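Shown next, in structure tokens, is the structure this report addresses.
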Amino acid sequence: MSNFLPNELIKRLSEEAHFNQVSFLETHEAGEKVTSIRVNPMKDTHRMFDGLSAVPWCDDAYYLAERPVFTLDPLYHAGCYYVQEASSMFLGHIVEQLGLRNGDVKALDLCAAPGGKSTLLNSYLGARSLLVSNEVIKSRAGILLDNLGRWGMDNVVITNNDPSAFGRLPGYFNLMVVDAPCSGSGMFRKDPGAIDEWSLANVKLCSDRQKRILAESVSALATGGYLIYSTCSYSREENENIVDWIIAEYGFDSVQIGINAAWGIEETQSSVAHGFGYRFYPDKVKGEGFFVAVLRKRAEQASFELRRTKPEKTPVSKAVLEQWLDNTDTIQHFLHGDQVHIFPTMFSHDFKLLQDMLYIRNAGTNIGKWLGKELIPGHDLAMSIHVKADLPAQEVSLATAQQYLRKEQLDRSDFDASTGWCLVRYSGVNLGWVKVLPNRINNYYPKESRIVHL
Ligand code: SAM
């Protein structure tokens, strides 16, 4: 079989005990496209995915027989599911194994855009946890905002900081996920264009950057806290060698994760400290190339006391909030300019701290614009799991839903409601707002999110 993958990569991979060169190359040559999605457990659309084949290491996750045009599916835009590469969903299994599922966790997803791991963490960690989802590259933070907005939970803070900024929060988190930028060999089957860009020099560059990212941020993890480190690279320099380096430099222990042999995942060990790692090869698992390791901080980490703060008073009354939201008892709100945000009351002190220390792109759910006496509902309110269930709403056909998502003019006769704000619903799921006027419908779907092609 001809080898169209980088020789240096194959030569090095051949030194791995479990590597099967023939089947690895065959799989890349065949170029099968594997499509998988993870369903949002808070959006009650599970029934629509019945009968699909399940991703074995993650709940609510399925393989699709073929890749649909997701852009045309209203449920995609409503945050009912996230299109995510199956191997990376192993994070769900790790969270479960560590006993953190639905726990009281303060989690940092350090390299978060576009938001695959963050939406997974948000679902698995549940409502009693706080997720700080960070992306250093400003232009990539927008997509993270969109994806977490659609996901609908309010216990998330999105930040746009360099990893070094997290050094200001010593011992604050009990879980850190570092899904590091890497040389990307694990994506060669999906994106053959990346093959030509691979070089040993780039692997070295990535490895140095991975160390820098970790060195600058790892003090934010508390003693006993877990670090989940992952890449989509096959190179030891970016995987097991990083595990060795963390163990040696920062006082971490390796954590072994139980796996089912039928899944085809390879357990490896780093060469010095014998730290465990989990390798995903596309000829052995139904997914792309991936590496992940779990480490626990043993070292004493200096920490700090969370300062108690008083919530700021705002002119937005509880009555206004109750007009739009269910269960306002567990929610606090704040004003950012004229934008009203909701956030879990249990994390109000954390919010102040994060506000002081980081550059926040979004905190909680932006429910809309405050006009002095009334609220203009925002798109994220329509996506929110807290939006009041009995607000005026109109179920629409697929064609009308797509028209709405293109931000086109809608037909007044498709709407039964009398005048006022109205949720557009497809298959029982909210897509966004319209304002119903006596003779017309004003379409409030966000301009920047509208479907532009087709
Ligand atoms: N975790 C994401 C997900 O599951 O959707 C994918 C993350 S991707 C593998 C790596 C991310 O690291 C990218 O969003 C990239 O912008 C970011 N990144 C690039 N350089 C970085 C740096 N020096 N420090 C921190 N993050 C960086």
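Restrict the check to segment 203-221 and report whether at least one residue is touching a residue at least 40 places away in the same chain (Cβ under 8 Å), more than 16 Å from the ligand (Cβ to nearest atom), under 25 Å from Ala302 (Cα atoms) and out of contact with any helix residue (DSSP H, G or I) (no Cβ under 6 Å at 6 or more places or on another chain). No, segment 203-221 contains no residue that is touching a residue at least 40 places away in the same chain (Cβ under 8 Å), more than 16 Å from the ligand (Cβ to nearest atom), under 25 Å from Ala302 (Cα atoms) and out of contact with any helix residue (DSSP H, G or I) (no Cβ under 6 Å at 6 or more places or on another chain).
State all residues of segment 170-192 that are closer than 30 Å to His333 by Cα, more than 13 Å from the ligand (Cβ to nearest atom) and crowded, with 22+ Cβ neighbours inside 10 Å; if no residue qualifies, say none. Across segment 170-192, the qualifying residues are Tyr172, Phe173, Leu175. Listed here are the strands (runs of 3 or more DSSP E) enclosed by segment 51-139 that have at least 1 residues being within 12 Å of the ligand (Cβ to nearest atom), closer than 29 Å to Ala222 by Cβ and among the hydroxyl-bearing types (Ser, Thr, Tyr): 81-83, 130-134. Within the set of pairs 6+ apart or on separate chains, which have a first residue in segment 164-191 that is under 26 Å from Lys33 (Cα atoms), a second that is acidic (Asp, Glu), and C-beta atoms under 7 Å apart? Note: pairs meeting the criteria are Cys182/Glu238; Ser183/Glu238; Gly186/Glu288; Met187/Glu288; Arg189/Glu288; Lys190/Glu288.
Consider segment 272-317 and keep the residues that are of a type outside the set (S, T, N, Q) and in contact with a Leu (Cβ under 6 Å, 6 or more places away or on another chain). The one that is nearest to Cys58 (Cα to Cα) is Leu295. What is the number of the single condition among (1) within 25 Å of the chain's Cα centre (by Cα); (2) exposed (fewer than 15 other Cβ atoms within 10 Å of the Cβ) that Ser36 does not meet? In the conditions (1) within 25 Å of the chain's Cα centre (by Cα); (2) exposed (fewer than 15 other Cβ atoms within 10 Å of the Cβ), Ser36 misses (2) alone. Residues in segment 26-36 include at least one that is β-branched (Val, Ile, Thr) and not in a loop (DSSP other than H, G, I, E, B). Residues in segment 377-391 that are out of contact with any helix residue (DSSP H, G or I) (no Cβ under 6 Å at 6 or more places or on another chain) and either over 15 Å from Val320 (Cα atoms) or surrounded by fewer than 16 Cβ atoms within 10 Å (Cβ to Cβ) (or both): His379, Ala382, Ser384, Ala389, Asp390. The numbered conditions (1) in a helix (DSSP H, G or I); (2) more than 13 Å from the ligand (Cβ to nearest atom); (3) in contact with an Asp or Glu (Cβ under 6 Å, 6 or more places away or on another chain); (4) of a type outside the set (Asp, Glu) are all true for Ser164 except (2). Checked against (1) surrounded by 17 or more Cβ atoms within 10 Å (Cβ to Cβ); (2) closer than 30 Å to Pro163 by Cβ; (3) over 20 Å from the mean Cα position of the chain (by Cα), Ile367 passes all but a single condition, namely (2).
Can you say whether Leu410 is part of a loop (DSSP other than H, G, I, E, B) and surrounded by 14 or more Cβ atoms within 10 Å (Cβ to Cβ), as far as the supplied structure shows? Yes, satisfied. Of the residues contained in segment 14-24, none is found to be assigned to a helix (DSSP H, G or I) and touching a Leu at 6+ places or on another chain (Cβ under 6 Å).
When Val292 is tested against (1) over 25 Å from Leu100 (Cβ atoms); (2) in contact (Cβ under 8 Å) with a residue 12 or more places away in the chain, exactly one condition is not met: (1). Close Cβ contacts (under 7 Å, 6 or more residues apart or on different chains) running from residues in segment 141-163 that are farther than 17 Å from Asn102 by Cα to residues that are more than 12 Å from the ligand (Cβ to nearest atom) and charged (D, E, K, R) comprise Ala141/Arg361; Leu145/Arg361; Gly149/Asp380; Ile158/Arg361; Thr159/Arg361; Asn160/Arg361. Please verify whether Gln394 is over 28 Å from the mean Cα position of the chain (by Cα), crowded, with 16+ Cβ neighbours inside 10 Å and either assigned to a helix (DSSP H, G or I) or without any contact (Cβ under 8 Å) to a residue 60 or more places away in the chain (or both), treating the condition exactly as stated. Judged against the criteria, Gln394 is a match.
When Ser23, Ser53 are screened for being among the polar types (S, T, N, Q) and farther than 22 Å from Asp191 by Cα, only Ser53 passes. On the stretch given as segment 343-384, residues that are of a type outside the set (Lys, Arg) and closer than 17 Å to Ser133 by Cβ total 20. Is it true that some residue in segment 142-154 is away from the ligand (no atom under 11 Å from the Cβ), crowded, with 21+ Cβ neighbours inside 10 Å and more than 13 Å from the chain's Cα centre (by Cα)? Within segment 142-154, one or more residues are away from the ligand (no atom under 11 Å from the Cβ), crowded, with 21+ Cβ neighbours inside 10 Å and more than 13 Å from the chain's Cα centre (by Cα). Of the residues making up segment 397-420, those that are under 29 Å from the mean Cα position of the chain (by Cα) and within 13 Å of Lys435 (Cβ to Cβ) number 1.
Quick grid of which residues meet (1) surrounded by 12 or more Cβ atoms within 10 Å (Cβ to Cβ); (2) among the polar types (S, T, N, Q); (3) without any contact (Cβ under 8 Å) to a residue 60 or more places away in the chain:
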| site | (1), (2), (3) |
| --- | --- |
| Ala319 | no, no, yes |
| Gln323 | yes, yes, no |
| Thr330 | yes, yes, yes |
| Met346 | yes, no, no |
| Asn362 | yes, yes, no |
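When the residues of segment 222-261 are filtered to those that are touching a residue at least 12 places away in the same chain (Cβ under 8 Å), in a helix (DSSP H, G or I) and of a type in the set (A, V, I, L, M, F, W, C), the one that is nearest to the ligand (Cβ to nearest atom) is Ile242.
Coordinate-derived values only; no laboratory data. In this text the structure is predicted, and so the values were computed from the model without any measurement. Counting neighbours? That spans all protein chains shown, and the Cβs are built from the backbone with ideal geometry, glycine included.
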